[in-house]
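The values are calculated or read from the model by the stated rules, or taken from the named source; none is laboratory data. Just so it is clear, the structure is predicted and the values come from calculations on it, not from any experiment. Every residue, glycine as well, gets a Cβ built from its backbone with ideal geometry; the counts of neighbours run over all protein chains shown.
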Amino acid sequence: MCKSRKRTDVTHSIIPKSRPSKSSPENLPASSLSSSSCNYPRPNYPPSSSINYYSSALYNGYKDTSKSSSSSSSSISAKRSLKSLKEASLPDNPNIYDFAEICRATNNFLSEPFSSSPSCTSWRCQIRQKDVILFQRKFRRVDPIRLSELQQLLSTICRSHHNSLIKLLGVATSGNCIFLVYEYVRGASLATCLRNPQNPSYTVLSNWLSRMHIAADIAHGIDYIHRCAASNSGFVHNHIKSSSIIVAEDSLHAKICHFGVAELCGEMEEREGYMSPAHPLGMKIEGTRGYMSPEYLASGIVTQKSDVYAFGIVVLELVSGEEALRYVFDKGSGEFIRVSVINTARKAVGSGGSGVRNWVDRRLKDSYPVDVAEKMVVVGLQCVEEDPEKRPDMEEVAVRVSKLYLESKNWAERICMPNDFSVSTAPR
């Protein structure tokens with residue numbers, strides 16, 4: 001836990017020396033790109049560093065007006081400065097956190113991480129009196145991003161609002177790292193809900209309608225990322241998987257994590273340069289096996305159809321309860337072999353008759369509409385087609401999943417099954 005502060009003291013020429021008047025906004029955004037004192041080691045920037053350029057240019061409206069020789073020009077400058085401060089403090093503008101805030105929130109990164117992986121570390125903490133999840137990732141940009149592009153990107157992401165997305169509150173930078181501050185949502189990952197490591201025979205998602213509701217939430221969230229949030233700029237999530245989807249404890253709504261990571265960290269630029277002559281050695285591909293599309297593995301280029309592929313995997317997980325990839329022991333060869341949920345789903349559909357019924361998660365206890373389950377498996381398999389051109393786009397997928405959810409709801413009403421869900425996602 002940490003203490004928030006109302007104002008950040010930063011010794012930088014871009015901050016005005018005179019204090020704002022009482023009529024000025026109280027909650028001004030603090031710059032995360034300034035050189036604040038902190039015990040955490042920070043690499044030195046070269047003089048031409050684009051990050052230093054962001055520091056001076058992001059706040060070019062903050063000018064010292066206290067030394068103006070002319071009263072009229074001083075008054076005009078003060079009004080312009082006040083206007084800039086008001087514009088910067090509007091809720092629609094992205095928050096830029098000071099790196100010192102990140103240090104205090106994590107006890108100089110000595111606090112126990114919330115989660116950790118080779119590519120990302122996260123902490124649950126409090127920043128500015130808000131319960132947040134802080135993710136640390138590395139910049140992976142080949143070329144420095146332009147200031148105007150960074151401002152537009154942050155503005156688009158932070159202004160995005162959808163019930164199926166965990167909101168990005170702001171960012172901070174230090175050296176070659178970027179720190180992304182997201183709102184904290186109480187719940188558990190979809191992977192944990194489907195496959196409770198402490199009790200494999202139990203799942204909080206023992207109701208078919210709850211799984212269909214989650215599938216619809218995810219589909220509409222990805223569709224929003226592809227169409228609405230991007231403003232036709234072609235956003236890609238690039239991190240769709242069951243462990244990156246939080247099932248909210250209060251309502252079992254699904255919320256997608258890591259929105260904006262691919263663009264802010266430079267993953268899109270990295271993938272575009274993967275086969276470029278300027279970068280003949282390519283870049284290291286990072287992702288989760290089982291969720292990466294064939295074209296992504298072959299070329300390193302990620303597209304919106306890559307998100308469709310990953311969503312198809314999640315759909316098959318929801319129906320079967322199986323992992324995307326798992327290892328089973330083969331008695332014939334005496335070795336462990338890798339089994340994909342795609343292969344088991346295709347085998348179930350190809351066997352006909354009761355194939356799909358036998359493949360559906362047994363913890364549902366046969367309490368589900370078989371015809372809807374078969375249609376959901378077909379949707380999932382169409383999303384994971386080898387050829388990306390044969391995959392539907394997320395708009396079409398979201399419509400189809402919503403229709404199947406309504407069919408499931410009508411089925412539940414016919415058998416007098418409750419439609420409201422409010423249970424605990426904690427281990428049992």
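Looking only at region 96-136, residues that are at pLDDT 90 or above and more than 15 Å from Tyr184 (Cβ to Cβ) come to 13 in all. Screening the candidates Glu269, Glu263 for the property of being crowded, with 20+ Cβ neighbours inside 10 Å, at pLDDT below 90 and assigned to a helix (DSSP H, G or I) yields one hit, Glu263. Go through the residues of region 294-312 one by one and say whether even a single one is closer than 20 Å to Arg195 by Cα, in contact (Cβ under 8 Å) with a residue 24 or more places away in the chain, crowded, with 21+ Cβ neighbours inside 10 Å and touching a strand residue (DSSP E or B) at 6+ places or on another chain (Cβ under 9 Å). No: zero hits. If only residues of region 100-130 that are of a type outside the set (Val, Ile, Thr), in a strand (DSSP E or B) and under 17 Å from the mean Cα position of the chain (by Cα) are counted, the one that is surrounded by the most Cβ atoms within 10 Å (Cβ to Cβ) is Trp123. When we screen Asn232, Asn207, Asn238 for residues that are at positive phi and either modelled with pLDDT of 90 or more or in the same structural domain as Ser116 (by the TED database) (or both), the only hit is Asn238.
Checking each residue of region 338-352 against the condition of being in a loop (DSSP other than H, G, I, E, B), assigned by the TED database to the domain that holds Ser293, out of contact with any Cys (no Cβ under 9 Å at 6 or more places or on another chain) and closer than 22 Å to Arg211 by Cβ gives no match.
Can you find a residue in region 393-406 that is in the same structural domain as Ile240 (by the TED database), surrounded by 13 or more Cβ atoms within 10 Å (Cβ to Cβ) and of a type in the set (Ser, Thr, Tyr)? Yes, region 393-406 contains a residue that is in the same structural domain as Ile240 (by the TED database), surrounded by 13 or more Cβ atoms within 10 Å (Cβ to Cβ) and of a type in the set (Ser, Thr, Tyr).
Given the criteria surrounded by fewer than 17 Cβ atoms within 10 Å (Cβ to Cβ) and assigned by the TED database to the domain that holds Thr106, does Gly170 qualify? Taking the combined requirement at face value, the residue does not satisfy it.
I want to confirm something. Restricting to region 406-428 and keeping residues that are more than 24 Å from the chain's Cα centre (by Cα) and of a type in the set (Ser, Thr, Tyr), which single residue is modelled with the lowest pLDDT? Residue satisfying both the conditions and the ranking: Ser422. Among the candidates Val328, Val397, Val401, single out the residue that is closer than 28 Å to Pro200 by Cα, touching a residue at least 40 places away in the same chain (Cβ under 8 Å) and either assigned to a loop (DSSP other than H, G, I, E, B) or β-branched (Val, Ile, Thr) (or both). Unique residue meeting the criteria: Val401. Screening region 160-184 for residues that are at pLDDT below 85 and of a type outside the set (Gly, Ala, Ser) and picking the one that is nearest to the chain's Cα centre (by Cα) gives Thr173.
Ser251 satisfies every condition listed in (1) modelled with pLDDT of 90 or more; (2) surrounded by fewer than 24 Cβ atoms within 10 Å (Cβ to Cβ); (3) hydroxyl-bearing (Ser, Thr, Tyr) except (1).
Taking the criterion of being more than 15 Å from the chain's Cα centre (by Cα), β-branched (Val, Ile, Thr) and assigned to a helix (DSSP H, G or I), the residues of region 185-223 that qualify are Thr192, Ile214. Give the residues of region 355-392 that are surrounded by fewer than 15 Cβ atoms within 10 Å (Cβ to Cβ) and of a type in the set (Asp, Glu), sorted by residue number. Those that are surrounded by fewer than 15 Cβ atoms within 10 Å (Cβ to Cβ) and of a type in the set (Asp, Glu): Asp366, Asp371, Glu386, Asp387, Glu389.
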